[in-house]
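One structure is given here, and the rest of the page talks about it.
Readers should treat all values here as calculations from the given coordinates under stated rules, not as data from a laboratory. If you're wondering where the values come from, they're calculated on a predicted model, not measured in any experiment. All Cβ positions, even for glycine, are placed from backbone atoms using ideal geometry, and neighbour counts span all protein chains on display.
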Protein chains: 2
Amino acid sequence: MKVLWIFAHPEQRSLNASLMREGLRELTAYGHETQVSDLYAMRWKAVLDAADVRPAGPGTSDAARLSVGAEQERAYTADEQSEDIRAEQRKIAWADTLVFHFPMWWFGPPAIMKGWFDRVLVQGFAFGLRGPDGRILRYGEGGLAGKRALVITSVGSREPGFAPRGIHGYVNDVLWPLLHGTFWYTGMAPHRPFVVYGADRLTDEGHREYADALRERLRALPEAEPLAFRSENGGDYDETLTLQPWIEPGATGPAVHEVCA
Amino acid sequence: MKVLWIFAHPEQRSLNASLMREGLRELTAYGHETQVSDLYAMRWKAVLDAADVRPAGPGTSDAARLSVGAEQERAYTADEQSEDIRAEQRKIAWADTLVFHFPMWWFGPPAIMKGWFDRVLVQGFAFGLRGPDGRILRYGEGGLAGKRALVITSVGSREPGFAPRGIHGYVNDVLWPLLHGTFWYTGMAPHRPFVVYGADRLTDEGHREYADALRERLRALPEAEPLAFRSENGGDYDETLTLQPWIEPGATGPAVHEVCA
């Protein structure tokens, strides 16, 4: 595999930083290539603004009303995005596997990683492409099709709270904006998240167990089956993008968008 | 009402900025008080780091391993947070209603608003409090109990795609990390989101209709019923934080955490 490991934690001595180092070592030992985007270490700019998409020059950045999506696409096509964005897009183009590794803050990635999605996955590059028949390529197809995506995250709570009937919501539902709305939307194959539970009070033994489990997940990743979300263009949705009435009739919730095992 | 309107859009000439101005005018006309946190205009710092929680001084910020949650609580209690964070916490303490207004990017708020949650809603202030009997106050109780929370957001897609069987996921499920994981978690009463659909191709008439609808929602807000999420301490969850087996037996997904109408 060619693995791009995107990491967002402010502390290099954290549990997560340690797990990243162990994961990268394992990948290297098994002959995989790796690149790392350590967002805090890079002082990654989190906030999407006009400077991202308008080449520097007197008066250019305030000249006209900023239309975010359209200008991201224009700047991408004209090769006028800021260099930090281009560097990330080159890494993505190189990779066949993207790992997103973060502590869960407010049930999602830290702002610095949210800003990576906002700024890097622009229209024309990651989505908004069309097939030969004019169909929009999305949800299973798109600019990042053919790549794997794996979330590695840590939470303070114990596992039952994130189970299908746990109070925090099923962890795959909590991560829906990433797994389905970002990975699958751009064509990537989302894998089952790797979650460290009880991270605030993990013993050394607990740490070792999670490190072992992570190494095992990474070794198995090339052959692993991703989550089986439904394709936009596979016939399961009608022209309004509503699930066809014969598919799990009356059922709702994120799980109906997965093909039943 | 005392309304704190938290706004995240880089363009003051945007549809969303216009809707905010119309909303604020309506609130004022009806005798409500308002404050605004316009995050882009304020150049809000999105990224939580050691500088937020460690008072400036030679060597202090790299001295010891950063334990994010614990140090946020320590700095809050010792009144040593950075001033931009304290200012937001004072506005929250003043308000009885929080409006979170943003264009939906990657199925969530822009990084600049995610960073507002990461940095402002710290342990000891917004959550992590205990009742007289020692119970953790969370999900319906907490530091922000008694306040309302309303999301106002815009999406490019049309409404059916965000309906309960739409391909993007039901909009309340997409916003679960905010509505349940942030608002309800800290004790706030989450209201049904106000969503502008088809925002990329809205006509002037469409804009007027949404502005009218927004004014109506804001006028009705003082008497409106919030979403009926289940309380952590109300008996619906067992000691592992799993939904009791007699509540919607076998059902899963975000909707099971709402009390049936």
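For this structure, a couple of remarks:
- Rounded if a/c under 1.5, otherwise prolate or oblate - the stretch A:1-51, Cα gyration tensor axes: oblate
- Counting only other chain Cβ atoms within 10 Å of each residue's Cβ, the peptide A:167-179 averages 6.
- Per residue of A:2-12, other chain Cβ atoms within 10 Å of the residue Cβ number 2 on average.
- Sites B:GLU223 and B:ALA41, calculated FRET efficiency, Cβ-Cβ separation with R0 22 Å, nearest 0.05: 0.10
- Label-to-label distances for B:GLY206 across copies, nearest first, come out at 4.9 nm, using points 7 Å from Cα in the beta-carbon direction.
- Whether the protein assembly as shown is rounded, prolate or oblate, judged on the alpha carbon gyration tensor where a/c under 1.5 counts as rounded: rounded
- Computed on the stretch B:65-113, the Cα convex hull volume stands at 124 Å³ per residue.
- Chain A: calculated mean residue ellipticity at 222 nm from DSSP helix runs of at least 4, using -39500 (n - 2.57): -8000 deg cm²/dmol
- Using the Karplus relation 6.51 cos²θ - 1.76 cosθ + 1.60 with θ = phi - 60°, the per-residue 3J(HN,Hα) values for the stretch A:162-170 come to 10, 7, x, 10, x, 4, 6, x, 4 Hz, with x marking Gly and Pro.
- Aspartates and glutamates with Cα under 13 Å of A:LYS114, excluding same-chain neighbours fewer than 8 positions away: B:ASP118
- Based on Cα contacts under 8 Å between residues 6+ apart, chain B shows a relative contact order of 19 percent.
- Fraction of the pair-distance distribution of the stretch B:102-160 above 20 Å, Cα-Cα pairs, percent: 45 percent
- Gyration tensor (alpha-carbon) shape descriptor, the stretch B:8-148, a/c threshold 1.5: oblate
- A:ARG65 paired with A:ALA78, simple spin-label distance in nm, labels 7 Å along Cα-to-beta-carbon: 1.9 nm
- Interchain or long-range residues, amide H under 5 Å from A:TYR237's placed H: A:GLN244
- Considered as an equivalent ellipsoid built on the Cα gyration tensor, chain A has semi-axes of 30, 26, 18 Å, the largest given first.
- Karplus 3J(HN,Hα) series, Hz, for the stretch B:136-150 with 6.51 cos²θ - 1.76 cosθ + 1.60 (x for Gly, Pro): 5, 8, 7, 6, x, 10, x, x, 10, 4, x, 9, 8, 9, 10
- Pairwise inverse Cα distances across the stretch B:109-261, averaged and inverted, put the Kirkwood hydrodynamic radius at 17.2 Å.
- The rotation axis taking chain A to chain B passes closest to this chain A residue's Cβ, listed with the gap in Å: A:GLY253, 1.
- Here's the list of lysines a cross-link from A:LYS147 could span, going by alpha-carbon distance under 17 Å and ignoring same-chain residues fewer than 8 apart: A:LYS2, A:LYS91.
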